[in-house]
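Student: Below is a structure I'd like to ask you about.
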Amino acid sequence: QVQLVESGGGVVQAGGSLRLSCSVSGRGFSINGMGWYRQAPGEQRELVATITSTGIKNYVSSVKGRFTISRDNAKNTVYLQMNSLKPEDTAVYYCNAYPVIRWDWGQGTQVTVSS
């Protein structure tokens, strides 16, 4: 049973930075593409950034140039470095496999950006 544990969220002023981590227990991490997703209050969950098993990265246009996704297969961990944060980045952030959601969602980590 794979478990996802997200961490690193917090409250930050606009323009600040945070680094999120997602630890994936169980087998299968290294062969799967991974994605970071976020859900703002009253909104649907959206895909933010993806990284393939070979390290190819893609971003939604709203975060391109500000966020960087990376992974450490030895640690079964995927990261999201978020710079130049904006109030509209406020959301609960989750990780999961990509493009197929393979595992139950974790608890997520709350990111709040104040103006």
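The values are calculated or read from the model by the stated rules, or taken from the named source; none is laboratory data. Keep in mind it's a predicted model, so treat the numbers as computed, not measured. Here the Cβ is made from the backbone with ideal geometry for all residues, glycine too, and neighbour counts use every protein chain on show. These accessible areas exclude ligands, DNA and RNA; they are computed on the full protein's heavy atoms, side chains included. Shrake-Rupley method; radii C 1.70, N 1.55, O 1.52, S 1.80 Å.
Student: List the GluC sites (Glu not before Pro) within the range 1-107 that fall in a DSSP loop (any state other than H, G, I, E or B) and whose Cβ has at most 11 other Cβ atoms within 10 Å.
Tutor: Working: sites: Glu6, Glu43, Glu46, Glu88; in loops: Glu43.
In loop regions of the range 1-107 (DSSP not H, G, I, E or B), the sparsely surrounded GluC sites (Glu not before Pro) are Glu43.
Student: May I ask you to list the residues of the range 14-36 whose amide nitrogen lies under 19 Å from a point 7 Å from Cα along the Cα→beta-carbon direction of Glu88?
Tutor: Only 14-18 fall inside the zone, counting backbone N under 19 Å.
Student: Solvent-accessible area per residue for the chain at a 1.4 Å probe radius, Å²? Please list the in-between numbers first.
Tutor: Working: 6040 Å² over 115 residues.
I get 52 Å² per residue for the chain.
Student: In a solvent-free Debye calculation with one equal scatterer on each Cα, what is log10 I(q)/I(0) for the chain at q = 0.09, 0.18, 0.22 Å⁻¹, listed in the order of the q values?
Tutor: -0.20, -0.83, -1.24
Student: Right, another one. Return the percentage of antiparallel bridges among DSSP beta bridges fully within the chain, rounded to the nearest 5 %. Provide the component values of the computation, followed by the final result.
Tutor: On the way: 34 of 38 bridges.
Counting only bridges with both partners in the chain, antiparallel ones make up about 90 percent.
Student: Computed FRET efficiency, Cβ-Cβ of Thr112 and Ile31, R0 35 Å: what is it to the nearest 0.05?
Tutor: Values: r = 34 Å, r/R0 = 0.97.
Result of the calculation: an efficiency of 0.55.
Student: Using the Cα centre as the reference, give the magnitude of the dipole from point charges on the C-beta atoms of the chain (Lys, Arg: +1; Asp, Glu: -1; all else neutral), rounded to the nearest 20 debye.
Tutor: Working: 11 positive and 7 negative charges, 62 e Å.
About 300 debye.
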